[in-house]
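Everything on this sheet refers to the single structure shown next.
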């Protein structure tokens, strides 16, 4: 069985494992205060072009989203988010378990717009019962989104400006950030993302690390006491150096973008094969996630040899499924899938 279910089926990139093995016998202080975490943070700040950024390493994406949002919001405040957003759909209400309502907005291809955010703020402000309603205080987006699409520089800067106008924080979930940066239609850099958000994170779990995410904070008031919240929300690793070593490897000699590019190139080959076969793509994109509408009869054939993710039913005879490449996807496996698609 060849798996295209997600981008974390495999372990870690060999260079990450190599660094973990090399440093394994060393003694370091714990909880992310070791030299490897400090060095990795410096490399991330350099890649973002801003030495004032605070960088913290957490164990996983759900802990990261929950910690960042809870650190930013007071008890009466909520976070605006696309209806398909990860915190709204796939985190078992983790954010809301902290007492912060997720305020969903209609999305198009997984994205929300600055105009939607502005309208939500105006509607709240102008409502005579606004003090009886959850106050919007943060905007959460992910790039790539849950549908594999990405925000452009113009879209991100517009969101940032409207957040400034209405005193909202802008938080970008970068669980798959590498694949977005490597997309052929991307026009954002890490420096742009640092400039046009208050806080974002660089995903490691899905982009070559065994586990871990790197939170990058530019807004000063969000930096204060952030480590208290990491600890409280279960995101702080006692052997914190394991996170630092991994991100140090990923941000050495351009490895992070290199391995992400591998995934997007192979995804493009699959995308072309699906289109050639006549299948419809749900949200056209150039990242590593492909959402495709396929006949159920064809899916039954593919299931005998390939793993993929079911998303939802399109109609009586078709389903929407997701195929996902990763930093570790083998070209031979992509060839095998394309051959079977062409032969159905």
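Only the coordinates and a few stated rules stand behind these numbers; no lab work does. A quick note: this is a predicted structure, and the numbers were derived from the prediction, not measured. Here Cβ is always computed from backbone atoms with ideal geometry, including for glycine, and neighbour counts include all displayed protein chains.
Observations on the structure shown:
- Approximate spin-label separation residue 33-residue 21, in nm, with each point projected 7 Å along Cα-to-Cβ: 3.2 nm
- Estimated D of the range 1-71 in µm² per second, where Rh is the Kirkwood radius over Cα pairs and Stokes-Einstein applies at 4 °C, 1.567 mPa s: 86 µm²/s
- At q = 0.18 Å⁻¹ the log10 of I(q)/I(0) for the range 142-198 amounts to -0.55, computed by Debye summation with a single uniform scatterer per C-alpha, solvent ignored.
- Value of [θ]222 nm, deg cm²/dmol, for the chain, DSSP H segments ≥ 4, -39500 (n - 2.57) each, nearest 500: -12500 deg cm²/dmol
- Put simply, when 31-39, 194-202 are sorted by average Cβ atoms within 10 angstrom per residue, most first, you get 194-202, 31-39.
- If you take the alpha carbon atoms of the chain and fit the smallest convex hull around them, that volume is 136 Å³ per residue.
- Over the range 83-151: Rg over Rh, Cα atoms, Kirkwood Rh: 0.99
- Highest mean packing first, where packing is the average number of other Cβ atoms within 10 Å per residue, the peptides 207-213, 300-306 line up as 207-213, 300-306.
- Bridge type composition, the chain - antiparallel percent by DSSP, nearest 5: 55 percent
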